[in-house]
Amino acid sequence: MATDSLTKAEMFVAQLPQSPTSRSALDDLPLLERDNSATSAEADLNERPTNLGVLGLVELILKRPDALDRLIRDPALQPILLPRFLAISLIGFVFFGVAMSLVLTSSHVWPELASITHKLRGTSSTLVTFQSSPGLATHWWDGSALKLTAAYAFGLIAATGVCLPSLYFYGLLAGVRMSLLDVAVQALKSKATSAVALVGILPIYAAVGMGIVIFEAPEPIRIGAFWLGLILPFIAGLWGTSALYHSFAKLCDTLPPERRLNRACFLRRLVASWAACYTAVSPVMIYTLWERLAR
Amino acid sequence: MNLSITAIFYGLVGAGVAVALFLNDSTCPRHERWFRVLTAFLFWPLYLPLLLRPTSSSAPATQPLPVPSDELAAQIAQVESELGLALQSLDAGTDTALKPEHDGIEQLQSTWRMQAERIRELDRLLAQPAFMESLPAGSETERAAQSEQSRQQNLTRLQAIRQQMHQNLLGTLAGVRELVTRIHLAKYTGKPTASELIAQFTAAISGLSEVSALTTE
């Protein structure tokens, strides 16, 4: 069996694209002198970021996600990073709430929410209807804009808290050595990434919203644009999901090498299913909160 | 239990966590401390792990396993560094055809680290005193001599397997180094083409996985 395996292994090595000289170098692969570019690139990768404030973290999210992934695994930094990721997320979602309220009030509409219970009982046909609104400032003064903002900001982050134990459980199931604090920081980093992406795409949406108002777009396009606005955090959430997916995949280096390959694939699938679970939980939470607050 | 009662219980637990957090941490700046307290009241499930974390200076949970610092590890690090630079140069350039192969490349790296670990295992095994000494000649029976002969043959085979695995790994690393130079060549001359490079990478990845599976058997 071993001889057979070795023969096949030899065949594989022979099939590898090699020059004649590389064959002779099998026994003693020389170590190259490191060139300057290699050293500087490696140094750049290993350089520890010094600015860990909110703006510094936003910069890391945008420019050096790999460095951030290494940083959040430092147990000494986790208690510092957790509230800062939360602050980034809250700021991003509050920006969204304000921008969404601006688009809605400028369009002289406001969403009216029906109870989920009524919808399930069949007493209400649609969950959200866009009612025309009299003035620009009405919904700012009566607190509707605040309720929308609060529902999104609280709902999106609280849904993470609800789904946190399952993410921890999935990590353990895949064999990754991680604490609940590791999971919380990973999840909040993903949320902060979503919030930064959301702030990034908000100006584009605001332009769309203004275009609707200025060019008096037909009703179906207006309704479509409002719905697009309401699901915008979930579109931005794809960046967060991607960040979580890659960040978790890197945690596989805590596994023994012989198990790493199989477990990495399993872990990635579990993280993807957790993202699907979160995507199901968060809209329900936002809607429930918004509908309760709007009563 | 309706939403109001749930909110009351949620708020009570939140208040508890917020107070605990306030008492627990007095090192951070004042404004950050109050931000923590306020957000802990609202989002206490996220702060609970912070309060429940072990305070002892135990080994961090998600730190990567220690990387061995032998010659094999140095060679792997060298090849990975070269491969990383080559891929970075691709990312920066216009040729992005190899980007879909990144997962496969990660798999390739993982596989050769695993092979290196197997070689180290065999080295440790063969370095054991029991595997190095043999029975003194003349003091054995015929059966004992036969067993000793078989034992020596098995040890020789183990050494041959170790040698072959070592050669396979070095061959793979040499092959990857050649691929790295081809990537650089492709960037400046357009030959070999991106599709040829992809084919070579795919062959290397699938071949290594095959070898890995065989050695596991």
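Taken together, the values in this text are just the output of simple stated rules run on the coordinates, not laboratory data. Keep in mind the model is a prediction, meaning the values are calculated, not measured. For neighbour counting, all protein chains shown are included, and Cβ atoms are generated from backbone atoms with ideal geometry for every residue, glycine included.
The table below gives the values:
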read-out: Karplus-derived HN-Hα couplings along region A:95-110 (A = 6.51, B = -1.76, C = 1.60, θ = phi - 60°), whole Hz, x at Gly and Pro; value: 4, 4, x, 5, 5, 5, 5, 4, 4, 5, 5, 5, 7, 6, 9, 8
read-out: Packing rank of A:127-134, B:69-76, A:282-289, where each peptide gets the mean count of other beta carbons within 10 Å, highest leading; value: A:282-289, B:69-76, A:127-134
read-out: Kirkwood Rh, angstrom, region A:243-292 [1 / mean 1/r, Cα pairs]; value: 12.5 Å
read-out: Label-point gap, in nm, between A:Lys119 and A:Glu219 - each point 7 angstrom along Cα→Cβ; value: 2.1 nm
read-out: Segments A:204-212, B:112-120, A:161-169, A:136-144 sorted - mean Cβ within 10 Å per residue, highest first; value: B:112-120, A:161-169, A:204-212, A:136-144
read-out: Spin-label zone in region A:109-146 - amide nitrogen under 13 Å from a point set 7 Å from the Cα of A:Arg295 along the C-beta vector; value: A:114-118
read-out: Shielding by partners - mean other protein chain Cβ count within 10 Å, residues of B:35-48; value: 5
read-out: Largest-first principal axis extents, alpha carbons of region A:48-176, Å; value: 54, 35, 21
read-out: Nonlocal amide H pairs with A:Phe130, under 5 Å, H built at 1.01 Å; value: A:Glu112
